[in-house]
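These notes are about the structure you will find just below.
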Amino acid sequence: NAGVTQTPKFRVLKTGQSMTLLCAQDMNHEYMYWYRQDPGMGLRLIHYSVGEGTTAKGEVPDGYNVSRLKKQNFLLGLESAAPSQTSVYFCASFTGGTGTSGRYEQYFGPGTRLTVT
Amino acid sequence: LAKTTQPISMDSYEGQEVNITCSHNNIATNDYITWYQQFPSQGPRFIIQGYKTKVTNEVASLFIPADRKSSTLSLPRVSLSDTAVYYCLVYNTNAGKSTFGDGTTLTVKP
C-alpha cells in the first residue's frame, strides 16, 4: 500500500515549456486535490476532483489544467510554464466522507518541486 | 468557504503544553474543523478533527466553543520533534474542499 505517490519529484522547466505532473493513489479514494505551496506560505488549492471524470476549479486555477480519467490518477498540466509557477506541488486524496476512520482526512503525497527559469 | 486566521509563529520549551488558536468567524453548519501538521519538505499530515466541544486523541486535544467561531489545538508536553507548521482547516462537506491558511510555525526549544 503506497498511499499517494507523485511523479516526478523534481523538475526544472524553461519559460514556455509544458509538462504534466502525475498523482496516483491506491486507497480507492473518490476525491483528489492539487495544491501549490510557495516558500513560507500555506497550501493553495489549484483544482480538485470529487470522482472519476469530474474536475473543478480551486482558488488558483489559472495556467493549469487537470484530468481524472481513472479513479486512481489525477494529472496536473502546465501548458506554458511561467516563473510564477515555481513552487512545490502537493497532491492529496480523500475518501469523500468519514470512511471507516470517521475522519475527514486528506492523505498527501511527498510533493513535486518545480522550478521555472 | 470559511477563512481561518492563526498566529504566524509560537515558541515553546520541551515538556510544556502548547495551545494554538484558530479563528473561523464565518463557519457554516456543514463545516468540520481539522488540523494538520507539516514538517519541512513533506506533505501535511492529519492530526485531529472536531465539530463542537472537545475531542482528544493520542497526540492532541481540540477545543471548540459553542459558537464554533474559533478552535484551539492543544499539544501536551511538546518535544523537539513537534517543531513544525500547524494548519487549521475548515472542511465543507457540501463543497468537498477546504482552504489552508498560512499556518502557525511552532518552534520547540530544549
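The single condition among (1) part of a strand (DSSP E or B); (2) modelled with pLDDT of 95 or more that B:Q16 does not satisfy is (1).
I'd like to know if the range B:91-101 contains one or more residues that are over 15 Å from the mean Cα position of the chain (by Cα) and of a type in the set (A, V, I, L, M). Yes, the range B:91-101 contains at least one residue that is over 15 Å from the mean Cα position of the chain (by Cα) and of a type in the set (A, V, I, L, M). Picking from residues in the range A:98-117 that are assigned to a loop (DSSP other than H, G, I, E, B) and more than 8 Å from chain B (Cβ to nearest Cβ), the one that is modelled with the highest pLDDT is A:T117.
Do we find that B:Y13 is within 26 Å of A:G40 (Cα to Cα), within 11 Å of chain A (Cβ to nearest Cβ) and either touching a residue at least 40 places away in the same chain (Cβ under 8 Å) or not aliphatic (A, V, I, L, M) (or both) in this structure? Talk me through it step by step, then tell me what you get.
On the way: within 26 Å of A:G40 (Cα to Cα): yes; within 11 Å of chain A (Cβ to nearest Cβ): no; either touching a residue at least 40 places away in the same chain (Cβ under 8 Å) or not aliphatic (A, V, I, L, M) (or both): yes.
So B:Y13 does not fit the description; no.
Right, B:A28: aliphatic (A, V, I, L, M), within 20 Å of A:F94 (Cβ to Cβ), touching a strand residue (DSSP E or B) at 6+ places or on another chain (Cβ under 6 Å) and touching a residue at least 40 places away in the same chain (Cβ under 8 Å) or not?
On the way: aliphatic (A, V, I, L, M): yes; within 20 Å of A:F94 (Cβ to Cβ): yes; touching a strand residue (DSSP E or B) at 6+ places or on another chain (Cβ under 6 Å): no; touching a residue at least 40 places away in the same chain (Cβ under 8 Å): yes.
Judged against the criteria, B:A28 is not a match.
Residue by residue, here is whether (1) of a type in the set (A, V, I, L, M); (2) crowded, with 20+ Cβ neighbours inside 10 Å; (3) over 24 Å from A:T112 (Cα atoms) holds:
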| residue | (1), (2), (3) |
| --- | --- |
| B:Q6 | no, yes, yes |
| B:W35 | no, yes, no |
| B:P44 | no, yes, no |
| B:Y51 | no, no, yes |
| B:A60 | yes, no, yes |
| B:A66 | yes, no, yes |
| B:L75 | yes, yes, yes |
| B:A84 | yes, yes, no |
| B:N94 | no, no, yes |
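Within the range A:83-96, if we keep just the residues that are assigned to a loop (DSSP other than H, G, I, E, B) and touching a Phe, Trp or Tyr at 6+ places or on another chain (Cβ under 8 Å), the residue that is modelled with the highest pLDDT turns out to be A:T95.
The values are calculated or read from the model by the stated rules, or taken from the named source; none is laboratory data. Just so it is clear, the model here is predicted, and its values are computed rather than measured. Note: ideal-geometry Cβ built from the backbone for every residue, glycine included; neighbour counts use all protein chains shown.
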